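Trainee: Shown below is the structure under consideration.
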Amino acid sequence: MKDIMSMRSSTVALLAIALMSIVFAFVGASSTQQVVASVNVICPFSLTLTPTAPFYVQPQNIVISYNAVLLGSGCSALTSVSGDMYVQNSVTNTVYDVESVAINTVTSTPSTGNVVFNSVLTYNNGAFPQSSDVAELTLSSGTSSNSAFSSVFDVIQPANIIVDSLAANPQSATPGSSIGIDSDLVNNGGLAAINTVVNIAVTAPNSLIYTTNQAVGNISPTSNQIELITISGNVFTSTGTYLIQENASYYSTYSSGNTVYQSNIIYSSNYTTSVSIQNQNSGGGGGGGGSAPVPPPLPPATIAQVSFASMPLFTDIIAGNSTLQQLGLQNTGNTPIWVNLSVPTLSFGTIMLSSNSVYLLPYQTLSIGIFIQTNSNVVLGDYYIPISLSVSRSGTSQVSHGTTYIETSLHSPNPLVPTVTRSILLSNSSQNLTSTVQVYNPTNSTIYDALVTIRIPQSSVPAEDYLSYGGAFSSSTLENGTYVITWKIPSLQPGGSAILYYSINNVLDPQTLTDTPVSLSGYTQQASGTGFRIIDISAPTGYINSSASIRVSGIYTGPNATILTLVLIGPTGLYIDKPTQLVSVVPNGAAEATFQVGPFTSAGTQQFQLTVYGNLKNQTYLVPMIVLQQSQSSPPVPVQGTKTITIYGFYIGVSAIAILGLIVIGAVTWRIRNSLNRARYDSARAQRLMRMRERVSRDEGPEPHEPRGPIGE
């Protein structure tokens with residue numbers, strides 16, 4: 001009983017303390033307290049993006065105009081507004097260029113500017129190809145940001161005519177003869193060449209110049225056109241070497257809506273060949289230092305009892321470079337023979353034989369090396385080099401003579417782009433043909449995924465089974481009477497070469513293949529990877545009216561420390577905070593980037609594209625994200641600005657009283673609960689239990705006047 005009274009006294013004391021706290025709290029609430037807190041105020045701004053033209057024809061600059069206007073009434077201006085503008089393919093989202101944009105101040109008055117993208121670049125250097133593009137601009141100032149897309153505009157590559165080959169027929173003639181000019185024009189541009197005209201200038205040995213031209217018409221993009229022009233015999237009246245030079249003039253035009261583009265007259269580069277004019281009894285023998293008489297349709301099958309096991313028919317040479325060819329001679333008779341060889345002095349370089357005389361035993365085959373070195377300052381074009389042979393049988397005075405020719409085509413060097421040269425070798429007495437195509441990379445960058453294409457007339461191949469090819473990943477198709485062989489070269493190091501080939505058994509009219517053009521296209525100067533290996537791309541479920549984070553992590557396996565650029569592109573109109581991020585990486589080091597996207601405005605699967613740009617080839621990944629309906633309110637969006645809030649002392653006092661009251665009530669409840677659960681001592685019950693224990697030990701029954709009941713009564 002004494003314990004209960006003590007507990008009750010303590011409880012009353014606690015309640016008194018709580019009551020006094022309430023009184024003092026209300027008294028203290030009579031004085032007002034002011035607290036200043038910093039929160040954010042929305043400062044939105046609008047952003048528009050407009051291309052200055054519906055299309056841009058290279059080398060025109062691409063000019064994008066942007067307009068930023070402050071919309072919020074709570075802010076007077078935004079300062080240090082900056083961001084990035086991207087130009088990307090409107091279909092594939094491939095980013096072609098990124099430019100930084102900066103505005104000092106955005107106010108309620110429009111702040112406008114232009115961003116210029118220089119399109120005077122080639123596709124191989126990673127600039128704009130011919131495509132339909134859009135521009136995207138993201139601007140931010142602190143936590144206020146916005147992004148916008150422009151309308152679609154076109155990037156157009158103008159027509160680009162190249163004189164791919166030029167040949168005179170015949171290469172040697174008598175004074176007064178008419179000469180036919182066979183030229184191949186190729187349009188490598190993106191627009192048609194309009195009103196193309198072939199211009200020819202013939203320079204006579206006495207330096208007189210004769211000019212003529214011929215209208216060709218329009219040449220479509222990525223197509224070629226062969227022109228045949230005849231020059232009258234009254235031009236070739238004296239003996240000597242005549243230089244024939246050709247170029248093409250044309251213009252390009254393009255229109256979209258009310259905007260029309262038309263270029264000035266454009267002239268292609270020059271191509272040069274030569275013709276040797278000799279009197280009929282002068283003997284020829286090499287003419288203008290390498291411009292030989294017209295070669296026979298094929299080298300002679302035999303000279304006496306010598307056949308050509310192999311015979312170089314054609315070779316390309318870059319001016320200033322050299323080539324080594326092999327002439328195979330076989331003695332088809334049963335007596336030994338001597339073969340003497342001679343070559344002329346060349347006007348464009350030097351030619352040497354590994355041996356000027358060989359002794360062949362019966363049925364023996366030997367090879368003669370033919371080394372040709374060209375000068376760097378030569379007249380480009382096609383030349384025929386005669387190789388004269390005299391065959392004498394051992395022990396006799398009988399001598400047989402014969403001549404064969406190597407057609408040599410000289411080209412100008414270009415250290416900025418890969419070069420393609422080819423050679424054609426006849427074998428088995430001119431029955432079989434093997435052509436070797438060499439791709440050389442003179443640049444200081446590795447090239448990747450180069451496509452090499454050659455077109456072979458079906459009339460030169462007896463049947464498809466007679467045609468074979470190899471040297472790289474290759475395939476062939478038959479298109480409009482032409483076999484089209486395509487090789488793909490995965491990579492080619494600086495200074496490296498790739499050797500490709502094709503062969504035709506029982507070839508028909510092999511000389512037509514000397515004019516077969518070879519094209520190189522599709523290559524890039526970027527590697528197959530950035531060295532950044534993606535380990536994980538985390539794209540959690542998003543919700544409408546909420547934002548989400550896309551996290552990218554990976555390992556850099558490149559050889560040197562560098563900076564990678566990660567660009568995330570999302571659905572049109574969806575905001576991405578800092579879509580371009582620079583990540584510093586070291587070899588075998590981990591790196592990550594986080595992109596904040598949203599808020600989302602529609603449910604479904606949102607498709608993002610992540611591109612990793614490095615010093616090698618770009619890597620692109622597709623990142624899908626599922627967006628669901630929002631089941632709870634959206635989280636607050638951070639904005640910029642401050643506002644003062646006044647909080648009065650009355651509310652502070654009430655809050656303090658409530659907290660103190662809860663503490664007191666909790667303490668009282670705890671004391672009461674412990675009191676009720678605590679065991680209490682009963683002396684009568686204890687004596688009764690002792691007597692029961694004694695009777696049990698004596699095996700007696702219960703006391704007669706002691707009623708049994710529940711323990712604790």
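Trainee: Stretched out fully, how many nm does the piece from Ala53 to Asn89 gain, at 0.36 nm a residue minus the Cα gap? Intermediate values should be presented prior to the final figure.
Mentor: Details: separation 36, 0.36 × 36 = 12.96 nm, distance 1.66 nm.
Result for the pair: 11.3 nm of gain on full extension.
Trainee: Mind jotting down the distance between the C-alpha centroids of the range 335-383 and the range 400-465, whole Å?
Mentor: That distance is 20 Å.
Trainee: Using the basic label-point model (7 angstrom from Cα toward the beta carbon), what is the Thr436 to Phe473 distance in nanometres?
Mentor: It works out to 2.5 nm between the two label points.
Trainee: Still on this model: Give me the log10 of I(q) over I(0) for the range 340-388 at q = 0.12, 0.14, 0.18, 0.21 Å⁻¹, as the Debye formula computes it from C-alpha points; what are the numbers?
Mentor: So the normalised log intensities work out to -0.35, -0.45, -0.65, -0.80.
Trainee: Add +1 for every Lys or Arg and -1 for every Asp or Glu among the other residues with Cβ under 14 Å from the Cβ of Ser131, and state the total. Could the numbers behind the result be given before it?
Mentor: Numbers: positive: none; negative: Asp97, Asp133, Asp154.
Overall, the nearby charge balance is -3.
Trainee: Let me ask something else about it. Would you check the accessible area of Glu407, probe 1.4 Å, heavy atoms only, in square angstrom rounded to 10?
Mentor: So the heavy atoms of Glu407 present about 10 Å² to solvent.
Trainee: Also: Starting from 0.36 nm per residue, how many nanometres of slack lie between Thr605 and Leu622 once their C-alpha separation is accounted for? Could the numbers behind the result be given before it?
Mentor: Details: separation 17, 0.36 × 17 = 6.12 nm, distance 1.22 nm.
Gain in length upon complete extension: 4.9 nm.
Trainee: Just order 330-337, 549-556, 493-500 by mean Cβ neighbour count inside 10 Å, highest at the front, would you?
Mentor: Working: 330-337: 16.8, 549-556: 18.4, 493-500: 14.2.
Most protected by this proxy first, the peptides run 549-556, 330-337, 493-500.
Trainee: Apply the Karplus parameterisation 6.51 cos²θ - 1.76 cosθ + 1.60, with θ equal to phi minus 60°, to every residue of the range 236-248 and state each ³J(HN,Hα) to the nearest whole Hz, in sequence, with x for glycine and proline.
Mentor: Whole-Hz 3J(HN,Hα) from phi for the range 236-248: 9, 9, 10, 7, x, 9, 9, 8, 10, 10, 9, 9, 10.
Trainee: Additional query: Cα centroids of the range 143-219 and the range 540-579: how far apart, whole angstrom?
Mentor: Here the two parts' Cα centres lie 47 Å apart.
Trainee: Let me ask you something else. Which order do Arg422, Arg691 take when ranked by solvent-accessible area (1.4 Å probe, heavy atoms of all protein chains), largest first?
Mentor: On the way: Arg422 25, Arg691 95 Å².
Of Arg422, Arg691, the descending order of accessible area is Arg691, Arg422.
Trainee: Something else now. Using the Karplus curve 6.51 cos²θ - 1.76 cosθ + 1.60 with θ = phi - 60°, work out ³J(HN,Hα) for each residue of the range 322-337 in order, rounded to whole Hz, and write x for Gly and Pro.
Mentor: For the range 322-337, the Karplus curve yields 9, 8, 10, 10, 10, 10, x, 10, 10, 8, 8, x, 9, 10, x, 9 Hz.
Trainee: Then there is this: Hey, can you find the accessible area per residue of the range 119-215 for me, probe 1.4 Å, expressed in square angstrom?
Mentor: Numbers: 3690 Å² over 97 residues.
Result: 38 Å² per residue.
Trainee: Provide the per-residue ³J(HN,Hα) series for the range 399-404, in order, calculated from phi with Karplus coefficients 6.51, -1.76, 1.60 and θ = phi - 60°, each as a whole number of Hz, with x at glycine and proline positions.
Mentor: 10, 10, 10, x, 9, 10
Trainee: Taking H placed 1.01 Å from N in the peptide plane, check which residues at least 5 places from Arg422 or on another chain put their amide H under 5 Å from its amide H.
Mentor: Placed amide hydrogens put Asp316, Gln438 under 5 Å from Arg422.
Trainee: How large is log10 I(q)/I(0) at q = 0.17 Å⁻¹ when the Debye formula is applied to the Cα atoms of the range 127-270, each weighted equally and without solvent?
Mentor: Values, matching the q order: -0.94.
Trainee: Taking only the alpha carbons of the range 545-618, what extent do you get along each of the three principal axes, in Å, biggest first?
Mentor: 44, 20, 18 Å, listed from the longest principal axis down.
Trainee: Using a simple spin-label model with points 7 Å from Cα along the Cα→Cβ vector, what separation in nm is obtained for Ser521 and Ser223?
Mentor: Once both label points are built, they end up 1.4 nm from each other.
Trainee: What nm value, rounded to one decimal, do you get for the distance between Asp465 and Thr230 when each label is placed 7 Å out toward the C-beta?
Mentor: 4.4
Trainee: First select every other residue whose beta carbon is under 14 angstrom from the beta carbon of Leu500; then total the charges, Lys and Arg +1, Asp and Glu -1. Write down the numbers at each step before the final one.
Mentor: Details: positive: Arg422, Lys488; negative: Asp316.
Result for the neighbourhood of Leu500: +1.
Trainee: Search the structure for amide H atoms under 5 Å from the amide H of Tyr575, placed 1.01 Å from N in the peptide plane, and list their residues when 5 or more places away or on another chain.
Mentor: Gly598
The values are calculated or read from the model by the stated rules, or taken from the named source; none is laboratory data. Note that this is a predicted model, so its numbers are computed, not measured. Heads up, the Cβs are rebuilt from the backbone with ideal geometry, glycines too, and the neighbour counts pull from every protein chain shown. Only protein heavy atoms, including side chains, enter the accessible area calculation; ligands, DNA and RNA are left aside. Shrake-Rupley method; radii C 1.70, N 1.55, O 1.52, S 1.80 Å.
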